[in-house]
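Here it is: the structure, laid out below.
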Amino acid sequence: MATDSFKITIHMVSSVDGYIAKKDNSVSWFETSDNYEQGVSVTEEDVKEFLKTIDCYIMGARTYEHALELSKSYGWAYGDVPTIVLTHRKLPVDRPNIKIYSGDLHKFVDEQLKPNYKNVWLVGGAKLAKDFIRLNLADEIRQSILPVILGEGIPFFDQIGREQALHLKSVTAHKSGMVELCYEVRK
């Protein structure tokens with residue numbers, strides 16, 4: 001499916017033991033005080049330039065609701081970039097760049113994403129990521145692992161139901177102690 005002009009990337013932040021949130025869905029553990037001296041420093045300008053390369057975000061309903069709640073304190077994390085929430089529920093939409101989609105994922109990718117976007121990021125949640133992997137719709141997985149063990153919570157990969165070969169494209173260690181793994185999904 002991937003071409004030079006279209007790619008779906010699954011991006012998740014997880015603990016070392018593979019959880020993306022605590023059982024109560026909190027992510028306060030995202031703030032780390034670790035310091036890895038040999039790690040890469042990333043400036044705010046670097047982040048801004050990188051985010052310009054993403055032209056669409058997709059997420060599930062629970063991730064959207066969590067993002068809405070966080071936006072009350074921190075602002076909407078996805079800016080004016082088109083954001084599509086995949087759900088069967090009726091959810092509030094208060095921004096013109098947010099759309100709701102319910103239906104077949106293959107049809108969604110072929111008819112709504114491919115004709116309109118090049119770099120699509122699936123930013124949550126775990127169930128949606130699992131569906132995209134199972135249906136061979138994901139081209140890349142970026143897992144940002146923070147230096148913490150949670151012991152329990154919401155797992156990133158839970159019961160995918162099949163083996164999936166990956167190809168390691170890059171590894172980046174950051175000053176914060178976070179390690180980013182970037183994998184191509186082998187199809």
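The values are calculated or read from the model by the stated rules, or taken from the named source; none is laboratory data. Predicted model, so just to flag it, every value in this text is computed and none were measured. With ideal geometry, Cβ positions are generated from the backbone for all residues, glycine too; neighbour counts draw on all protein chains shown. With ligands, DNA and RNA removed, areas are computed over all heavy atoms of the protein, side chains included. Shrake-Rupley method; radii C 1.70, N 1.55, O 1.52, S 1.80 Å.
Going through the stretch 90-120 one residue at a time, which ones are basic (Lys, Arg) and exposed (fewer than 12 other Cβ atoms within 10 Å of the Cβ)?
Those that are basic (Lys, Arg) and exposed (fewer than 12 other Cβ atoms within 10 Å of the Cβ): Lys90, Lys107.
When only residues in the stretch 73-93 that are of a type in the set (Gly, Ala, Ser) and in a loop (DSSP other than H, G, I, E, B) count, which is farthest from Glu49 (Cα to Cα)?
Applying the filter and picking the extreme gives Gly75.
Any residue at all in the stretch 19-33 that's at pLDDT 95 or above, open to solvent by 60 Å² or more (accessible area, probe 1.4 Å) and more than 16 Å from the chain's Cα centre (by Cα)?
No - not one qualifying residue is present in the stretch 19-33.
If you don't mind, another one. Name every residue in the stretch 50-72 that is of a type outside the set (Val, Ile, Thr), in contact with a strand residue (DSSP E or B) (Cβ under 8 Å, 6 or more places away or on another chain) and not in a helix (DSSP H, G or I), in order of residue number.
Asp55, Cys56, Tyr57, Met59, Gly60
Go through the residues of the stretch 2-22 one by one and say whether even a single one is acidic (Asp, Glu), touching a residue at least 24 places away in the same chain (Cβ under 8 Å) and part of a helix (DSSP H, G or I).
Among the residues of the stretch 2-22, not one is acidic (Asp, Glu), touching a residue at least 24 places away in the same chain (Cβ under 8 Å) and part of a helix (DSSP H, G or I), which makes the answer no.
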